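Some notes on the structure that comes next.
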Amino acid sequence: MKTSIKIFKIFGIPIELDFSFLILIISIYFLAFLKLISLELAVLITLIFVTVVIHELAHSYVARHFGVKIEKILLLPIGGIAKMEEIPRVPRQELLISIAGPLTNLIIAFTLYGIASTRIFPQAIIEFVANFILVNVVLAFFNLIPAFPMDGGRILRALLAEKMSYLRSTEVAANLGKFLAILMAMAGIFFNLFLILIALFIYIGAEQEYRLVFISSLLEGVKVSDVMTPEPITLKPSSTVEEALKTVFKYKHMGYPVTENGELKGIVTFHDLSSAEKDTPIEEVMTKDVITVNINDDAMTALEKLTKHDLGRLPVLKDNKLVGIISKTDLIRTLDIMRRTKT
Ligand SMILES: [Zn+2]
């Protein structure tokens with residue numbers, strides 16, 4: 001279901017408004033129209049979001065320079081998100097990508113301040129400009145708080161990574177991020193409940209990113225071929241559902257690759273079979289558009305694919321022939337062994 005609308009593109013990057021954001025903005029102007037809030041306040045809130053877009057664009061622009069694919073910039077009532085692929089694990093690149101947002105806001109603020117001090121603006125818009133400068137300064141400094149995964153925290157990790165391992169720097173930055181999130185939530189109780197929401201995002205974000213880096217460090221150097229189950233039990237496209245069910249009960253796996261002369265044609269799960277007629281050929285019930293991994297891929301790539309597509313298993317290919325299957329269970333078992341041996 002579509003939950004956002006695209007308004008325009010800048011540098012080829014689509015800017016989208018989430019419906020919840022649209023409702024917020026319309027409500028704000030409606031309240032201003034009813035004179036329940038001032039028009040100045042409505043304009044100020046709009047300015048905040050314009051500034052957020054500029055900020056996210058700056059991150060995206062630099063990230064794209066390093067080859068990161070940018071899907072879109074999405075505006076939500078709590079702020080903006082630049083949806084992009086994972087940021088490269090190159091400290092200097094992460095540093096530049098992270099610093100670009102706050103730095104752009106500061107450059108805008110200083111430039112406007114410089115222009116405004118020449119008194120070129122008429123008095124009528126000077127207040128508007130002053131607000132815009134203020135919003136940019138506040139946003140820049142707020143994002144520079146070293147609460148990983150906020151910009152300041154990412155800058156900190158990138159700087160630490162020059163001196164220590166990527167895992168250790170993420171751990172330090174994430175712990176500081178979680179600590180600051182707790183302080184922020186406590187401050188939120190007294191000053192602004194909105195801060196609690198942001199604190200929650202920071203805390204969860206720090207934990208998730210640390211866990212991801214931890215897992216990928218455990219799986220470092222582990223290939224799909226090390227973890228997969230070779231020569232998996234397969235089914236033929238022409239087999240019937242009844243025959244396939246016999247195999248399922250015999251081997252007790254939940255999913256089976258369907259092959260013909262070693263070539264992968266699809267994958268069929270117990271779920272696909274359980275709702276079909278007995279004499280149907282399984283090629284009619286199997287999933288044909290199968291996500292696969294290559295035998296030479298990193299185990300981490302397999303884990304990312306499993307997680308991203310919410311799958312239980314992936315067929316492993318070598319020269320387009322099926323050579324194995326890798327399941328989430330295999331990977332979790334491997335992670336468990338790695339954790340015991342490495343710590
Ligand atoms: Zn930022």
Scan (1) closer than 30 Å to Thr111 by Cα; (2) buried (at least 21 other Cβ atoms within 10 Å of the Cβ) for the single condition Ala206 breaks and write down its number. (1)
Within the range 325-335, can you find the residues that are of a type in the set (Val, Ile, Thr) and either in a loop (DSSP other than H, G, I, E, B) or surrounded by fewer than 16 Cβ atoms within 10 Å (Cβ to Cβ) (or both)? Thr329, Ile332
So Val227 passes all but one of these: (1) within 30 Å of Arg339 (Cβ to Cβ); (2) surrounded by fewer than 18 Cβ atoms within 10 Å (Cβ to Cβ). Which condition number does it fail? (2)
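Yes or no, residue by residue, for (1) polar (S, T, N, Q); (2) buried (at least 17 other Cβ atoms within 10 Å of the Cβ); (3) more than 23 Å from Glu86 (Cβ to Cβ):
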site	(1), (2), (3)
Thr234	yes, yes, yes
Pro237	no, no, yes
Val248	no, yes, yes
Lys252	no, no, yes
Glu260	no, no, yes
Ile337	no, no, yes
Cβ pairs under 6 Å, 6+ apart or interchain, first in the range 97-114 and farther than 14 Å from Thr51 by Cβ, second away from the ligand (no atom under 15 Å from the Cβ), ordered by first then second residue, are Tyr113/Ile133
Can you find a residue in the range 272-292 that is assigned by TED's automatic domain parsing to the domain that holds Lys236, closer than 28 Å to Arg211 by Cβ and more than 28 Å from the chain's Cα centre (by Cα)? no
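Every residue, every condition in (1) surrounded by 16 or more Cβ atoms within 10 Å (Cβ to Cβ); (2) part of a helix (DSSP H, G or I); (3) among the β-branched types (Val, Ile, Thr), yes or no:
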position: Ile7; (1), (2), (3): no, no, yes
position: Ile23; (1), (2), (3): no, yes, yes
position: Ile28; (1), (2), (3): yes, yes, yes
position: Ala32; (1), (2), (3): yes, yes, no
position: Phe49; (1), (2), (3): yes, yes, no
position: His55; (1), (2), (3): yes, yes, no
position: Ser60; (1), (2), (3): yes, yes, no
Out of Lys318, Lys288, Lys308, Lys252, report the one residue that is touching a strand residue (DSSP E or B) at 6+ places or on another chain (Cβ under 9 Å) and under 30 Å from Asp336 (Cβ atoms). Lys318
Here is a check on your reading of the model: is Ile133 assigned to a helix (DSSP H, G or I), touching a Phe, Trp or Tyr at 6+ places or on another chain (Cβ under 8 Å) and more than 16 Å from the ligand (Cβ to nearest atom)? yes
So, in the range 139-166, exactly how many residues are in a loop (DSSP other than H, G, I, E, B) and either within 21 Å of Ile204 (Cβ to Cβ) or within 22 Å of the chain's Cα centre (by Cα) (or both)? 8
Take Glu207 and decide whether it is under 24 Å from the mean Cα position of the chain (by Cα), farther than 17 Å from Phe142 by Cα and not in a helix (DSSP H, G or I). no
Return yes or no: is Pro122 surrounded by 14 or more Cβ atoms within 10 Å (Cβ to Cβ) and over 11 Å from Leu47 (Cβ atoms)? no
Scanning the range 137-187 residue by residue, those in contact (Cβ under 8 Å) with a residue 60 or more places away in the chain, over 16 Å from Gly79 (Cβ atoms) and either surrounded by fewer than 21 Cβ atoms within 10 Å (Cβ to Cβ) or touching a Gly at 6+ places or on another chain (Cβ under 7 Å) (or both) turn out to be Phe148, Leu159, Glu162, Tyr166
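The values are calculated or read from the model by the stated rules, or taken from the named source; none is laboratory data. Values in this document were obtained by computation on a predicted structure and should not be read as measured data. As a convention, Cβ positions derive from the backbone with ideal geometry for all residues, glycine included, and neighbour counts pool all protein chains shown.
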